[in-house]
Amino acid sequence: MALPTFTMRQLLKAGVHFGHVVRRWNPRMAPYIYGTRNGIHIIDLDQSVPLLYRAMKEVRSVVANGGRVLFVGTKRQASEKIAEEAARCGQHYVNHRWLGGMLTNWQTISRSIRRLKELEEQLAAEQTLLTKKETLQLTRERDKLERALGGIKDMGGLPDILFVIDTNREELAIKEAIKLNIPIIAILDSNSDPEGITYPISGNDDAIRAIGIYCDLISGAVIDGLQEERRVSGDDVGADVEAGEADEKAVAETPQKAVAEQAVATEAEKPKP
């Protein structure tokens, strides 16, 4: 049971050190900049590495104490990976448009989530009793709600920490979290504003490979936290679980808590390197 590991070489190969063109920078990021090359800011990975480890440790601590993690990344490069890694570790995500009030107006969002679940039940149970027109209307409503809220429908309350890709794009999510004093882990590119970010990680927030590394490591930290939580509670993380990764279809249809337990058990059975 340990945090996932990574190397400086992996970060370099993924392009984590590449910032934006110099003219697009945010001066508040100056402490995280190593220098420039061909008109592009180079991010100081000697700082990024310990910042990333610190964020991972915090995620593990939050989850080990029963907390929820919300993955946020709505840009095209991040959307798929955010959903994939959040689902892998049994956590929650927003990977399309952030709706105003998702945190600060949780009661209203909760009502929309209840409506989504009602539609899912109705379409599953009464398919044969509905007309084609009714089915189409309800399906469209469900799909719209699923796209917006599907990643948080099993969250059950406000998250205990946010993990954010691209603070400029997710400005509204950042503002809501700050207002509610919810800690924020965020990837900060050379054009980002570090103000209000509890656990900054300086790095490229546009490259798909870089985003994949961040999401994979945070997801691994969640799984490590879940293992710690179960160890403290006395559960046997490897009991009665078949080796190998869970079937994707089963994962997609399994409630969030069960997915988390499945992730922990799968990780526990992997051979040590």
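The values are calculated or read from the model by the stated rules, or taken from the named source; none is laboratory data. Note that the structure is a prediction, hence the values are computed from the model and not measured. Every residue, glycine as well, gets a Cβ built from its backbone with ideal geometry; the counts of neighbours run over all protein chains shown.
Exactly one residue out of Ile161, Ile187 is β-branched (Val, Ile, Thr), under 13 Å from the mean Cα position of the chain (by Cα) and under 21 Å from Gly35 (Cα atoms), and it is Ile187.
Comparison of Leu116, Leu123 shows that the only residue that is touching a Ser or Thr at 6+ places or on another chain (Cβ under 8 Å) and not assigned by the TED database to the domain that holds Phe163 is Leu123.
Any residue at all in the stretch 20-37 that's among the aliphatic types (A, V, I, L, M), part of a helix (DSSP H, G or I) and under 22 Å from Gly212 (Cα atoms)? Looking for residues that are among the aliphatic types (A, V, I, L, M), part of a helix (DSSP H, G or I) and under 22 Å from Gly212 (Cα atoms), one finds none in the stretch 20-37, hence no. Here Ala125 does not fit the description of being touching a residue at least 24 places away in the same chain (Cβ under 8 Å) and either loosely packed, with under 14 Cβ neighbours inside 10 Å or under 15 Å from Ala186 (Cα atoms) (or both).
Here the condition is being more than 21 Å from the chain's Cα centre (by Cα) and either assigned to a loop (DSSP other than H, G, I, E, B) or touching a residue at least 24 places away in the same chain (Cβ under 8 Å) (or both); of Lys117, Lys133, it holds for Lys117 alone. Among the residues of the stretch 159-197, write down those that are part of a loop (DSSP other than H, G, I, E, B) and free of Cβ contacts under 8 Å to residues at least 60 places away in the same chain. Within the stretch 159-197, Thr167, Asn168, Asn181, Gly196, Ile197 meet the criteria. Scan the stretch 68-110 residue by residue and report those that are in a loop (DSSP other than H, G, I, E, B) and either under 9 Å from the mean Cα position of the chain (by Cα) or closer than 18 Å to Gly220 by Cα (or both). Those that are in a loop (DSSP other than H, G, I, E, B) and either under 9 Å from the mean Cα position of the chain (by Cα) or closer than 18 Å to Gly220 by Cα (or both): Arg68, Gly73, Cys89, Gly90, Gln91, Asn95.
The residues in the stretch 41-67 that are part of a strand (DSSP E or B) and surrounded by fewer than 16 Cβ atoms within 10 Å (Cβ to Cβ) can be counted, and the count is 1. Residues of the stretch 134-145 that are of a type outside the set (S, T, N, Q) and either in contact with a Gly (Cβ under 8 Å, 6 or more places away or on another chain) or exposed (fewer than 15 other Cβ atoms within 10 Å of the Cβ) (or both): Glu134, Leu136, Arg140, Glu141, Asp143, Lys144.
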